[in-house]
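Trainee: There's a structure below that I have some questions on.
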Amino acid sequence: MSLDPTIAARLKRNEAGLVSAVAQEKATGAVLMVAWMDDEALARTLATRRATYYSRSRQQYWVKGETSGHTQYVHEVRLDCDGDTVLLVVDQEGAACHTGTHTCFDGDQLLAEV
């Protein structure tokens, strides 16, 4: 599967050929997780509406929820103004975080509103 050349031309990849991908829950607006995509992962996501990422540690593609059942159905994909981050607006089924929490940002709050 290949990425549309007009989209590929707009991406600003890091030295590993990746862009960051932020998953946001459609229903709540909560930021669920941050992962990485290359052109192939983005093309697969756009074609299937199933969030597909690139694992840097395993050096392979993974479809969110393929083994855990905690899937992400993709409603929208947006490219930021710099072209170095994509935003996936998703329906999250189950936990988004590998720790079992709904979002990867449930843990350490470094600053709170006063």
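Trainee: Taking Gly107 as the residue in question, decide whether it is touching a Ser or Thr at 6+ places or on another chain (Cβ under 8 Å), surrounded by 17 or more Cβ atoms within 10 Å (Cβ to Cβ), part of a loop (DSSP other than H, G, I, E, B) and without any contact (Cβ under 8 Å) to a residue 40 or more places away in the chain.
Mentor: Values: touching a Ser or Thr at 6+ places or on another chain (Cβ under 8 Å): yes; surrounded by 17 or more Cβ atoms within 10 Å (Cβ to Cβ): no; part of a loop (DSSP other than H, G, I, E, B): yes; without any contact (Cβ under 8 Å) to a residue 40 or more places away in the chain: yes.
Against the criterion (touching a Ser or Thr at 6+ places or on another chain (Cβ under 8 Å), surrounded by 17 or more Cβ atoms within 10 Å (Cβ to Cβ), part of a loop (DSSP other than H, G, I, E, B) and without any contact (Cβ under 8 Å) to a residue 40 or more places away in the chain), Gly107 does not qualify.
Trainee: Please determine, by comparing only the residues of the stretch 2-53 that are hydroxyl-bearing (Ser, Thr, Tyr) and either closer than 23 Å to Cys104 by Cβ or under 15 Å from the mean Cα position of the chain (by Cα) (or both), which one is surrounded by the fewest Cβ atoms within 10 Å (Cβ to Cβ). Spell out the reasoning first.
Mentor: The first filter runs over the stretch 2-53 and keeps only residues hydroxyl-bearing (Ser, Thr, Tyr), leaving 2, 6, 20, 28, 45, 48, 52-53.
Remaining after also requiring either closer than 23 Å to Cys104 by Cβ or under 15 Å from the mean Cα position of the chain (by Cα) (or both): 20, 28, 45, 48, 52-53.
Values: Ser20: 14, Thr28: 11, Thr45: 24, Thr48: 13, Thr52: 26, Tyr53: 25.
The residue in question is Thr28.
Trainee: Being β-branched (Val, Ile, Thr) and closer than 12 Å to Val19 by Cβ is the filter here; which residues of the stretch 51-88 pass it?
Mentor: Just the residues of the stretch 51-88 that are β-branched (Val, Ile, Thr), to begin with: 52, 63, 67, 71, 74, 77, 85-86.
Result: Val77, Thr85, Val86.
Trainee: Scan Ala43, Ala8, Ala47 and give me the residue that is touching a residue at least 24 places away in the same chain (Cβ under 8 Å), touching a Ser or Thr at 6+ places or on another chain (Cβ under 7 Å) and assigned to a helix (DSSP H, G or I). So that I can check it myself, show each step before the final result.
Mentor: Working: Ala8 fails: touching a Ser or Thr at 6+ places or on another chain (Cβ under 7 Å); Ala47 fails: touching a Ser or Thr at 6+ places or on another chain (Cβ under 7 Å).
Ala43 is the lone residue from the list that is touching a residue at least 24 places away in the same chain (Cβ under 8 Å), touching a Ser or Thr at 6+ places or on another chain (Cβ under 7 Å) and assigned to a helix (DSSP H, G or I).
Trainee: Restricting the search to the stretch 66-103, which residues are of a type in the set (Gly, Ala, Ser), crowded, with 17+ Cβ neighbours inside 10 Å and more than 27 Å from Lys12 (Cα to Cα)? Can you show your working first?
Mentor: The initial filter retains those residues of the stretch 66-103 that are of a type in the set (Gly, Ala, Ser), namely 68-69, 83, 94-96, 100.
Those left that are additionally crowded, with 17+ Cβ neighbours inside 10 Å: 95-96.
Within the stretch 66-103, Ala95 is the sole residue that qualifies.
Trainee: Can you name the residue in the stretch 81-104 that is more than 17 Å from Ala51 (Cβ to Cβ) and of a type outside the set (Val, Ile, Thr) and is also modelled with the lowest pLDDT among such residues?
Mentor: The qualifying residue modelled with the lowest pLDDT is Gly100.
Trainee: On to the next question. Select from the stretch 11-40 the residues that are in a loop (DSSP other than H, G, I, E, B), of a type in the set (Gly, Ala, Ser) and touching a residue at least 24 places away in the same chain (Cβ under 8 Å) and list them in ascending order.
Mentor: Just the residues of the stretch 11-40 that are in a loop (DSSP other than H, G, I, E, B), to begin with: 11-18, 26-30, 38.
Adding the requirement that they be of a type in the set (Gly, Ala, Ser) leaves 16-17, 27, 29-30.
If the condition is that a residue be in a loop (DSSP other than H, G, I, E, B), of a type in the set (Gly, Ala, Ser) and touching a residue at least 24 places away in the same chain (Cβ under 8 Å), then Ala16, Ala27, Ala30 are the ones that fit.
Trainee: It is to be established whether one or more residues within the stretch 53-74 are in contact with a His (Cβ under 8 Å, 6 or more places away or on another chain) and in a strand (DSSP E or B).
Mentor: Initially, the stretch 53-74 is screened for residues in contact with a His (Cβ under 8 Å, 6 or more places away or on another chain), giving 64.
After this cut, where a residue has to be in a strand (DSSP E or B) as well, the list is none.
No, the stretch 53-74 has no match at all.
Trainee: Within the stretch 61-114, count every residue that is touching a Leu at 6+ places or on another chain (Cβ under 8 Å) and among the charged types (D, E, K, R).
Mentor: Residues that pass the stated criteria total 4.
Trainee: Turning to a different aspect of this structure: Could you check the stretch 80-89 and list, in sequence order, the residues that are in contact with a Lys or Arg (Cβ under 6 Å, 6 or more places away or on another chain) and not in a loop (DSSP other than H, G, I, E, B)?
Mentor: Leu87, Val89
The values are calculated or read from the model by the stated rules, or taken from the named source; none is laboratory data. Keep in mind it's a predicted model, so treat the numbers as computed, not measured. Every residue, glycine among them, receives a Cβ derived from its backbone with ideal geometry; neighbour counts consider all protein chains shown.
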